[in-house]
1. Among 84-95, 17-28, how do they line up by average Cβ neighbours within 10 Å per residue, starting with the highest?
2. Amide H of Gly51: which non-local residues (sequence gap of 5 or more, or other chain) have their own amide H closer than 5 Å, using H built in the peptide plane?
3. Spelling out what I want: for every residue of the range 70-80, take phi, set θ = phi - 60°, compute 6.51 cos²θ - 1.76 cosθ + 1.60 (Karplus), and round to whole Hz; glycine and proline get x.
4. Sort 46-54, 29-37 by packing, meaning the average of other beta carbons within 10 Å per residue, with the highest value first.
5. Determine ³J(HN,Hα), in whole Hz, for all residues of the range 30-46 in sequence, where each value follows from phi through the Karplus function 6.51 cos²θ - 1.76 cosθ + 1.60 and θ = phi - 60°; x replaces Gly and Pro.
Amino acid sequence: MLAGRRGQAFPRMDLHENAETKTVTATFELPGIKQQDVNIEVHGNSLTISGESKRSENHDKGSYTVQERSYGKFSRTLQIPQGIKVQDVDAKMKNGLLTVCFPKARPGQQSQRVTIT
């Protein structure tokens with residue numbers, strides 16, 4: 001996972017828009033993380049993926065020769081079209097990949113230009 005602000009990590013992601021189905025698919029790399037340790041929340045026009053990667057309790061912390069894997073809390077927030085509801089979001093997790101699909105913005109949902117006075 002890539003490091004974020006204040007030591008928090010965020011997972012790597014691919015974002016794909018399908019013009020034919022008018023959907024957006026975000027795929028997140030979450031290797032070794034259990035589905036129950038991942039949260040997905042929709043607030044306004046933001047979709048946040050968060051959770052925690054936990055260290056194995058089978059190993060003593062001081063006995064590592066090499067330790068490259070990161071542990072701890074992670075979070076990633078995406079801007080989504082206005083009006084997206086929780087029931088519009090479909091999420092699946094398989095083999096360490098979280099796939100989240102939601103509708104693409106419709107022409108009537110696009111932002112409008114603000115005139116500066």
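1. Descending mean neighbour count gives 17-28, 84-95.
2. Asn39, Phe74
3. The phi angles translate into 9, 9, x, 6, 9, 7, 8, 10, 10, 7, 10 Hz.
4. Most protected by this proxy first, the peptides run 46-54, 29-37.
5. Residue by residue, the range 30-46 yields 9, x, x, 9, 7, 3, 5, 9, 10, 10, 10, 10, 10, 10, x, 10, 10 Hz.
The numbers here are math on the coordinates, done by the rules we state, and not lab data. On a predicted model such as this, the values are computed, not experimentally measured, just so you know. Positions of Cβ are generated from backbone atoms using ideal geometry, with glycine treated the same way; all protein chains shown enter the neighbour counts.
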